[in-house]
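Just below is one structure, and these are the notes that go with it.
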Amino acid sequence: MAPLRVATVKNERNKIFMSSNDHFQLPSRGLSNECLQGSYWRMRLEAPEICRAACPGQFVHLHVPQIEGHILRRPFSICDVNDTVLTLVYKVVGTGTDAMQAIRPDAILDILGPLGHGFAPLPDDRPVYMLGGGYGCAAMLFAAHQAVASGKQAPHILLGARSKGDILLVDEFTKLGCPVEVSTDDGSMGVQGRITVLVEKALQEHPDALLQSCGPRPMLKAVAMLAEKCPDCSCEVSLDERMCCGVGACFGCVVKAKDPTSPEGWKYLRSCKEGPVFKAEEILW
């Protein structure tokens with residue numbers, strides 16, 4: 001086990017925080033917390049250490065203040081990183097995210113990260129499609145941003161959701177120079193239908209594409225099944241499992257993965273440690 005080291009950061013009460021070799025537990029100052037659209041919110045935090053260490057597909061574990069009786073942190077995909085500014089996008093769906101709406105700028109938040117296994121480095125010799133289902137698109141903005149910043153060709157962005165009100169960050173992807181296609185179940189924006197309609201079209205044009213995706217599990221399973229039909233296609237999925245500790249200690253967020261060496265033919269992998277990003281062919285859907 002890698003030794004712990006002391007982070008050289010102190011908060012107002014002069015507390016010293018510990019960090020491992022790949023993540024930090026640090027006080028982060030809120031910069032903004034605003035409604036993006038509908039029940040979706042965007043929070044920006046000053047978190048230089050986390051920003052320097054973060055990779056696309058990773059997440060942070062946030063302690064939400066002023067929730068009595070709730071001791072567990074909340075995991076959030078890293079939406080974007082700009083220098084020292086960390087961006088998170090969340091949807092108000094329960095007690096924790098409801099309380100997050102009240103977090104004011106300049107609040108000091110306890111945040112742990114970056115955590116988990118992210119997306120693989122992008123290839124130079126094949127097209128890349130980044131898929132976001134609902135607010136799963138938040139995890140893909142950082143990946144697209146880093147791809148463009150590194151000089152690689154802008155990835156194709158495929159976004160799918162129930163309706164127009166659930167399609168997020170289109171302007172941000174467009175500003176990066178990424179081609180964006182949209183599908184909605186009700187046809188209120190883009191093509192009517194599931195995101196698989198867009199994926200099928202993409203794979204017909206580029207059967208050797210790399211797919212990187214984040215969204216609801218049924219969507220990821222459907223995308224994985226389409227990718228499996230194309231022998232030259234590679235597919236990565238970011239599984240949004242419920243997490244408790246966030247660092248692999250509690251085994252509360254395990255997923256079943258194929259394992260031909262075991263009698264059962266499968267094994268458990270921790271979505272917070274071995275994931276949240278997995279190769280699609282590894283998962284026992």
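What follows is calculated from the coordinates using simple rules that are stated; it is not laboratory data. Keep in mind it's a predicted model, so treat the numbers as computed, not measured. When we count neighbours, we look across all protein chains shown, and the Cβ atoms used for this are built from the backbone with ideal geometry, even at glycine.
Data for the structure
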{"item": "Relative contact order of the chain, pairs being alpha-carbon contacts under 8 Å that are 6 or more residues apart, as %", "result": "15 percent"}
{"item": "Under 19 Å from the C35 label point (7 Å along Cα→beta-carbon), backbone N, the range 89-106", "result": "89-105"}
{"item": "Crossing angle, helix 137-149 versus the chain [Cα axis fit, 0-90 degrees, rounded to tens]", "result": "90 degrees"}
{"item": "Under DSSP loop assignment and at most 14 Cβ neighbours within 10 Å, longest GluC sites (Glu not before Pro)-free interval of the chain", "result": "69-263"}
{"item": "Hz values of 3J(HN,Hα) by residue in the range 103-112 - Karplus curve (6.51, -1.76, 1.60), Gly and Pro given as x", "result": "5, 9, x, 6, 5, 9, 10, 8, 10, 10"}
{"item": "Residues in the range 209-242 reached by a label modelled at Q153 [backbone nitrogen below 16 Å; 7 Å Cα→Cβ]", "result": "209-212, 233-234"}
{"item": "Principal-axis tilt of helix 217-228 within the chain, Cα atoms, nearest 10 degrees", "result": "40 degrees"}
{"item": "Sequence-distant residues sharing a close amide H with H117 (under 5 Å, placed H)", "result": "G275, V277"}
{"item": "Fewest-first ranking of C250, C214, using other Cβ atoms within 10 Å as the exposure measure", "result": "C250, C214"}
{"item": "Beta bridges by DSSP in the chain, antiparallel share as percent, to the nearest 5", "result": "65 percent"}
{"item": "Net charge over other residues, Cβ less than 15 angstrom from the Cβ of M189 (K, R count +1; D, E count -1)", "result": "-2"}
{"item": "All lysines inside 24 Å of K279 as judged from Cα atoms, apart from same-chain residues fewer than 8 positions distant", "result": "K152, K201, K221, K229, K256, K258, K267"}
